[in-house]
Amino acid sequence: MGVLNNIWNGFLGLVYPEVEGCLYCEVDELVTDEVQLCEDCLSRINYITDNYCEKCGRLIIDEEECKNCEEYNYQFNKARAVATYNQALSDYIYDMKYQGRQALAKPLGQILGIYGLEFYKREDLDVIIPVPLAKEKLKTRGFNQAYLLAREVSKKLDLPINDQVLKRAVNTVSQSKLSPLKRKENVSNIFYCEPEYVKEIKGKYVLLIDDIYTTGATVNECSKVLLRAGARDVSVLTLATGEQGQ
Ligand SMILES: [Zn+2]
Ligand SMILES: [Zn+2]
């Protein structure tokens, strides 16, 4: 049943049933057609609207310079996130990834799309690329949450997704369990571009999508690989980010 179960879950992850109302708490009333979450669930998200680092998108509090940008030589053009990683957003993301509630990728991706339009000009971008999962992990989880989010962003921005070109070679230890330095080592050299698809990103402006931005190590590695393969520029959009200095 194992394999079949995973395929079935994968299928559900990609084609979830149409449900009306809030996809998190399941109350009926929505405040907008654009996001399928109720007012209460939307209001628990700690949106980033100002005081963020122009380069990495982290919230900056009581600091002049962003310490993370001082430490890292980020290869992406800039990164932006919808919100800080507070309890509510971490609950939504956790349920989407680990509690079989892939349908939550719809409202979360819708919010990501709205932010995408806020932060970036659609005409400055060519293609959306989700941060990939390793094959093994994709098999066990059945879906890539970054892909599900990217799909909603793609609808909102009317841009194509390319989930063929960027690949993750090995399954690494989860970044959340590691110190900042270890995170950098952990993802170094694990991403690569599929030679046969490289032509699809040559000279292109890429929007890279992931669920959580912590130190930026993962998206930075992806950016390096894409730029090396000939992408013109990489910008990043994630749901959650940390506060500066975390
Ligand atoms: Zn709700
Ligand atoms: Zn920064």
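Some points to look at:
- Surface/4 of the Cα convex hull for the range 103-144, nm²: 3.7
- Solvent-accessible area of Ile61, all protein chains in place: 80 Å² (probe radius 1.4 Å, heavy atoms, ligands and nucleic acids excluded).
- Backbone geometry of the range 57-65 corresponds, through the Karplus equation with coefficients 6.51, -1.76 and 1.60 at θ = phi - 60°, to 3J(HN,Hα) couplings of x, 5, 6, 10, 10, 6, 9, 7, 10 Hz, x marking Gly and Pro.
- Using the rule -39500 (n - 2.57) for each DSSP H run of four or more residues, divided by the residues of the chain, the 222 nm mean residue ellipticity is -10500 deg cm²/dmol.
- Percent RCO, i.e. relative contact order, over the chain, from Cα pairs under 8 Å lying at least 6 residues apart: 24
- Summing charges over all other residues whose Cβ lies under 12 Å from the Cβ of Gln110, with Lys and Arg as +1 and Asp and Glu as -1, gives +1.
- Pairwise centroid distance, computed over Cα atoms, of the range 70-136 with the range 149-204, Å: 12
- Largest to smallest principal axis extent of the C-alpha atoms in the range 26-72, angstrom: 46, 18, 15
- In the range 20-122, trypsin sites (Lys or Arg not before Pro) in a DSSP loop with at most 11 other beta-carbon atoms within 10 Å: Lys121
- Taking the accessible area of the chain, probe 1.4 Å, and keeping the other protein chains in place, the carbon and sulfur fraction comes to 48%.
- Probe 1.4 Å, protein heavy atoms only - accessible area per residue of the chain in square angstrom: 51
- Local net charge near Lys135, Cβ-Cβ under 9 Å (Lys/Arg +1, Asp/Glu -1): +3
- Once divided by 2.2 N^0.38 Å, the Cα radius of gyration of the chain becomes 0.97.
- Rounded to the nearest angstrom and listed largest first, the equivalent-ellipsoid semi-axes of the range 54-131 from its Cα gyration tensor are 25, 19, 12.
- Using the Cβ-Cβ distance between Glu29 and Tyr98 with R0 = 30 Å, the FRET efficiency computed as 1/(1 + (r/R0)^6) comes to roughly 0.60.
The values are calculated or read from the model by the stated rules, or taken from the named source; none is laboratory data. Since we're looking at a predicted model, the values are computed, not measured. Because the Cβ atoms are built from the backbone with ideal geometry, glycine has one as well, and the counts that use them run over all protein chains shown. These area figures cover heavy atoms from the full protein model, side chains too; ligands, DNA and RNA do not enter into them. Shrake-Rupley method; radii C 1.70, N 1.55, O 1.52, S 1.80 Å.
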